[in-house]
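Values in this text are rule-based calculations from the coordinates and carry no lab data. Given the structure is predicted, the values throughout are model-derived calculations rather than measurements. Note: ideal-geometry Cβ built from the backbone for every residue, glycine included; neighbour counts use all protein chains shown.
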Amino acid sequence: MRIYRNFSKNLTVFVDKMKQNELKVEDILDEDEIVQDVKSNPSTELMPFFSTEIIKKLIDFSTKMPNVPTDDKTKVDKKIGFKFPFNATEILCSDTATIMDLFVKLNDKNEEESNEKNSEEKNEEEDKKNEEENEKEKVNENEKKDDDEKKDENGKNEEKKEEEKKDEKKEEEKKDEKKEEKKPIKVKILFAKEYNNNQKIVLEVLRAQKYDENGKLIDIDEKGNPLYKSEIIKRAPDGKSKSSMLEFASFKAKEVLDLGMDALKDSLLFNEEETLNSKKDLIKKLSKVDEIEIIEYKDELKPKGLRDSAMPGNPIYLVEE
């Protein structure tokens, strides 16, 4: 069971930072108690912090792959890769009137910016078209003058060649236009309905350990190493599984510090698939993604080179190019 301590004090600290313009969206996403307050309390003192820009950042956390400043994309910070996207989705999926109003305002703002951009592009195209037409008129006038002066067969041949060049130019322009057409942006969200067998073994071992009131692991040896490691190594089905099971155990043990013993449950407290599908159209519209496909995770769907697998509450986002 998760223990909440000094919540009012923490809230006061966050409110003070907001008034001093020092509060960041990452600060909120890093505190589960604050996230729950924002999600379930429409009159929370932190509600003035939320704006269309903050909503856009929350959408980015929920839909975009983390920006990893290294060639090794497996070394993703656990907060950026898992905790922040999860808490951002929690806030976005709440039924708070203020959050929903900001969704609408952001949508209107995006549409307005899009219309302005389209209008500017249309004006530029019209100006360019007028210039081209003026140039063509000048060329035609010169050609007509030349045609009047040339009455022999050579003049007719030159005219024919010019027409052929124009046709070739038009064909090239059509090809260039097709190349410039943007490809639709498609995103696949892979979610896991349950933990795999190795992960379930790890959760079982971790639940059997002892923790203090703050979620800190007590079962350690003289050197300070967790005792669960030897048990996991003993129960690992093969040598290849040991490393991933120990890595998963370390991750879940850290989650206990933030989420309490709920982090070690075999299933989520909500239907992840229904939540993702219910918000799919809204996220697609606001993030300018053309297509979102919600798929149950399977190992064969994981891209090569990606070590992390989808887990309950931690889906994988794949952008198709």
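Comparing Val104, Val139, Val38 in a Gaussian network model of the chain (Cα springs below 10 Å), the most mobile by mean-square fluctuation is Val139.
Counted by Cβ distance under 13 Å from Thr96, the other residues give a net charge of -3, where Lys and Arg count +1 and Asp and Glu count -1. Summarising the label geometry, the points placed 7 Å from Cα in the beta-carbon direction at Lys210 and Asn196 lie 3.4 nm from one another.
Relative contact order for the chain: 25 percent, from Cα pairs under 8 Å spaced at least 6 residues apart, divided by residue count. By the helix-only formula, in which each DSSP H run with n ≥ 4 contributes -39500 (n - 2.57) and the sum is divided by residues, the chain has a 222 nm mean residue ellipticity of -18500 deg cm²/dmol.
Cα convex hull, the stretch 250-289: 107 Å³ per residue, rounded to a whole number.
Within the listed set Glu31, Glu90, Glu135, the residue fluctuating most in the Gaussian network model of the chain (springs between alpha-carbon atoms under 10 angstrom) is Glu135.
What the phi angles of the stretch 25-41 give under the Karplus curve with 6.51, -1.76 and 1.60, with θ = phi - 60°, is a coupling list of 5, 5, 4, 5, 5, 8, 10, 5, 5, 5, 4, 5, 5, 5, 5, 10, 10 Hz, glycine and proline written as x. Among Lys285, Lys254, Lys223, the largest mean-square fluctuation in a Gaussian network model of the chain (Cα springs under 10 Å) belongs to Lys223. Take the alpha-carbon centre of the stretch 87-102, take the same for the stretch 268-300, and report the distance between them in whole Å. A separation of 16 Å, based on Cα centres. Near Asn314, the amide H atoms lying under 5 Å from its own belong to Ala192; only residues 5 or more places off or on other chains count, and H is placed 1.01 Å from N.
Set the Förster radius R0 to 56 Å, insert the Cβ-Cβ distance between Lys298 and Val15 as r into 1/(1 + (r/R0)^6), and round the FRET efficiency to 0.05. Display every interim value, and only then the final one.
Working: r = 45 Å, r/R0 = 0.80.
Computed FRET efficiency for Lys298 and Val15 comes out at 0.80.
The Stokes-Einstein estimate for the stretch 77-142, based on a Kirkwood radius over Cα pairs and taken at 4 °C with 1.567 mPa s viscosity, is a diffusion coefficient of 79 µm²/s.
Can you give me the C-alpha center-to-center distance between the stretch 106-121 and the stretch 48-67, rounded to a whole angstrom? The distance from the Cα centre of the stretch 106-121 to that of the stretch 48-67 comes to 19 Å.
A crude spin-label estimate for the pair Asn130 and Asn41, with each label 7 Å from Cα along the Cβ direction, gives 6.0 nm. When the alpha-carbon atoms of the chain are used, the pair Rg, Dmax equals 29.8, 107 angstrom.
Phi angles of the stretch 251-258 translate, via the Karplus equation with coefficients 6.51, -1.76, 1.60 and θ = phi - 60°, into HN-Hα couplings of 5, 5, 5, 5, 5, 4, 4, 9 Hz per residue; Gly and Pro are given as x.
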